[in-house]
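See below for the structure under consideration.
Every number in this text was worked out from the coordinates using simple rules, so none of it is lab data. Nothing here was measured: the structure is a model prediction, and the numbers come from that model. No Cβ is skipped: glycine too gets one built from the backbone with ideal geometry, and neighbour counts run over all protein chains shown.
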Amino acid sequence: MPKVIRIERHGGPEVLQWVDVPIGAPGPGEARVRQTAVGLNFVDIYQRSGLYPGTLPLILGGEGAGIVESVGPGVTDVRSGDRVVYTGANGAYAEERLVPVDRLVKLPDGIDDRTAAASFLKGTTVQYLLHRTFKVAPGHTILLHAAAGGVGLIAGQWAKALGATVIGAVGSDEKREIAMKNGCDHVINYRSEDWVARVRELTAGAGVDVVYDSVGKDTFPGSLDCLKPLGMFVSFGNSSGLVPPLEMRTLQQKGSLFATRPTSVHYLARRVDLVAAANALFAVLTDGTVKVEIGQTFALKDAAEAHRALESRRTVGATILLP
């Protein structure tokens, strides 16, 4: 019987349990996938803690790669033996699982399973952040928080390739060096520098066109103070806690700013958008525009330790769990 990481109550990493769960045969519109690698993301911590509550008991994780073992009645898009990757289907912390076929994307031969699991949710997120939420183009200057994290390393490289000037913000000098090697033109250590003042200095007082902020509470409202008039604040995560309520007049007072809170739940809801984002990601991975660093690997059964490492910001780049 396959094993999974499951929670029966919300809480700290100690609530993660390594248990046997029957899987069963795939039904219509489903495939049974034997997983070879599972992506670790901050949203997993939000679900474990109850910040994003779910129905209990709950198998965590929304991203993985593996091999199709069997398919349900009427399924023709994938078949047994196909290498696939997915996002947007909760229950990834498992040796084997059922996945809705409309969330599965076949992997190109040039992308291995570990890279796919490390980059699919993060990379498709970066795709819509840079191409749809705010269309980054030559001449733009962006501020990227957590620039040495899994999303940050992909976003820095991809934004640089689009012609942007990339200012990264990180929490240590070690991470500064990593961010500099992955697309950032300038990197600020926000633990030792006045990062708002430094952004203003780097932009000759003008501010940036867009701030991509996955940190949340600790970087708000400083992120707004880094924007030029008509700039956009993109809040796509809250690793330090939730952004406090925002009065609309604050946006007017700080320069008629725009603010948005995008999520893949909406941006990748339609299969056409998921496939388009996947193809764009596969293209930049294949041609070397974006290189994915797997900074850490953990056995799936050790998911609790992986959560502790991610929460304490001891990780660099992407982290994957190996069933």
Among (1) among the polar types (S, T, N, Q); (2) exposed (fewer than 14 other Cβ atoms within 10 Å of the Cβ); (3) touching a Pro at 6+ places or on another chain (Cβ under 7 Å), Ser70 falls short only on (2)
Residues that are touching a residue at least 12 places away in the same chain (Cβ under 8 Å), part of a loop (DSSP other than H, G, I, E, B) and out of contact with any Lys or Arg (no Cβ under 9 Å at 6 or more places or on another chain), drawn from segment 32-60: Leu40, Leu51, Pro53, Gly54
In segment 169-226, which helices (runs of 4 or more DSSP H) lie fully inside it and hold 3 or more residues that are touching a strand residue (DSSP E or B) at 6+ places or on another chain (Cβ under 7 Å)? 173-180, 195-202
Residue among Leu242, Leu246 that alone is loosely packed, with under 14 Cβ neighbours inside 10 Å, closer than 27 Å to Leu224 by Cα and touching a Leu at 6+ places or on another chain (Cβ under 9 Å): Leu242
Output the number of residues of segment 123-166 satisfying the condition of being among the aromatic types (Phe, Trp, Tyr) and either crowded, with 24+ Cβ neighbours inside 10 Å or part of a strand (DSSP E or B) (or both). 1
